[in-house]
Amino acid sequence: MVQHTMAFPDALGTGVIIQWTPAGDAVGDEPSVEAARRDIAALIDGYESVLSRFRGDSTVSAMRAGGGAFDFPDWAGPLFDLCDVLCAATDGAFDPCVGEDLIRLGYDARYSFTMAPGAAGSLGAIHGRPTWRGDVERRGTTTLVTTRPVALDFGACGKGYLVDLIAAVLRSHDSFARGFVIDAGGDLLVETETPIAIGLEDPRDPNDAVGVAHVGLGAFCASAPSRRHWTVPGVGAPVAVHHLIDAVSGTPVDDVVATWVHVPAPGLRAAPRTTDETAHAMRLSAMFPTALADGLATALFTTDPNVLHDGLCGLHGPLAMRGWPSSAFSCAVLKADRTAVVSTGFPGTLFAH
């Protein structure tokens, strides 16, 4: 079969690669492919202009300049819903307001990787840093209101969310009807007739693997500090830090080194279309499986898989009805001592013990 590739190398700082096989080994409908490319490029630019904390003209950057009411596009609503759910399920350890901690640790818009003076005494919710639940009010679906500056970072689930939005564009074009694979720096959405093999990268050596997974329909996301880490001055010696931090303490997690999450998805076409609340919840989960998998991969750095699963299943009221109550997921967690926790149904095998 002839495989075609579409790449957006600058998207979200990691790049997005789309691969697909058009029907009949043909080149495909070139006008449709080019139209999809234009639509996706416009989507990525619009997405970053709103949510990127590395762009000075973004809505997120404006929120760090001062409090007020900030209107976001309609497509941002489910992303905020997911943040609500993961923040509740982790008791605040997952929090978009962690952007301020990352900036103080040196992961700022200039990529200075230099810790701000006095940062150690101001990191995390425990030191009064704004929080998603305490300082960000939602009015309607997509208006966020704050009374003081906040530095939001949606990197924990935003890359996966963009993948799902891209998938919706692809499904609207006939050239991609046979299926596709979207890869955004380790966050994958797979819709293929035959499962693909995915190597589970060793966080200590990017040229090696600690396992392999096989996914044919669904989202598969990985998270590890190996590609975003730096050192800051410490007492007597430099201290290694990275971007996966506990939002309560504001410090990098040191007992987990990698996570992988699989969220099965039937694809948008098969999602339920009834109007009752249960079916609506299932439909949202089907529409945004990569965002969910991405967010869970981050949440697993701070929260035990069983606690996280119970937290998601235990949600009720408005959070559950927004569509993220107890979507099925499976996962693998690699600990710093090289032991691993693998959940039932995980579509892969780890070589670690």
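Residues in region 174-181: is at least one modelled with pLDDT of 90 or more, closer than 21 Å to residue 333 by Cα and open to solvent by less than 50 Å² (accessible area, probe 1.4 Å)? Looking through region 174-181, none of the residues is modelled with pLDDT of 90 or more, closer than 21 Å to residue 333 by Cα and open to solvent by less than 50 Å² (accessible area, probe 1.4 Å). Out of everything in region 1-47 that is on the phi > 0 side of the Ramachandran plot, small (Gly, Ala, Ser) and out of contact with any Ser or Thr (no Cβ under 7 Å at 6 or more places or on another chain), what residue ends up being modelled with the highest pLDDT? Here the answer is 15. When region 120-136 is filtered for residues that are assigned to a helix (DSSP H, G or I) and free of Cβ contacts under 8 Å to residues at least 60 places away in the same chain, the ones remaining, listed by number, are 120, 121, 132, 133, 134, 135. Among the residues examined, residue 90 does not qualify as of a type in the set (Val, Ile, Thr) and within 23 Å of residue 16 (Cα to Cα). Which residue is nearest to residue 50 (Cα to Cα), if the candidates are limited to region 137-147 and must be assigned to a loop (DSSP other than H, G, I, E, B) and either open to solvent by 30 Å² or more (accessible area, probe 1.4 Å) or among the small types (Gly, Ala, Ser) (or both)? Per the stated criteria, the residue is 141. Every listed requirement among (1) out of contact with any strand residue (DSSP E or B) (no Cβ under 8 Å at 6 or more places or on another chain); (2) within 16 Å of residue 297 (Cβ to Cβ) is met by residue 207 save one, (2).
Of all residues in region 148-173, those satisfying the criterion of being over 17 Å from residue 261 (Cβ atoms), open to solvent by 20 Å² or more (accessible area, probe 1.4 Å) and either in contact with a helix residue (DSSP H, G or I) (Cβ under 7 Å, 6 or more places away or on another chain) or in a helix (DSSP H, G or I) (or both) are 148, 149, 153, 165, 168, 169, 171, 173.
Looking only at region 45-57, residues that are among the hydroxyl-bearing types (Ser, Thr, Tyr) and crowded, with 19+ Cβ neighbours inside 10 Å come to 2 in all.
Is there a residue in region 202-213 that is surrounded by fewer than 16 Cβ atoms within 10 Å (Cβ to Cβ), modelled with pLDDT under 90 and closer than 28 Å to residue 87 by Cα? Checking region 202-213: not a single residue is surrounded by fewer than 16 Cβ atoms within 10 Å (Cβ to Cβ), modelled with pLDDT under 90 and closer than 28 Å to residue 87 by Cα. Where strands (runs of 3 or more DSSP E) sit wholly within region 3-103, those with at least 2 residues that are closer than 30 Å to residue 124 by Cβ occupy 68-71.
The values are calculated or read from the model by the stated rules, or taken from the named source; none is laboratory data. Fair warning: this is a prediction, and the values are worked out from it, not measured in the lab. Heads up, the Cβs are rebuilt from the backbone with ideal geometry, glycines too, and the neighbour counts pull from every protein chain shown. Accessible surface areas use protein heavy atoms only, side chains included; no ligands, DNA or RNA. Shrake-Rupley method; radii C 1.70, N 1.55, O 1.52, S 1.80 Å.
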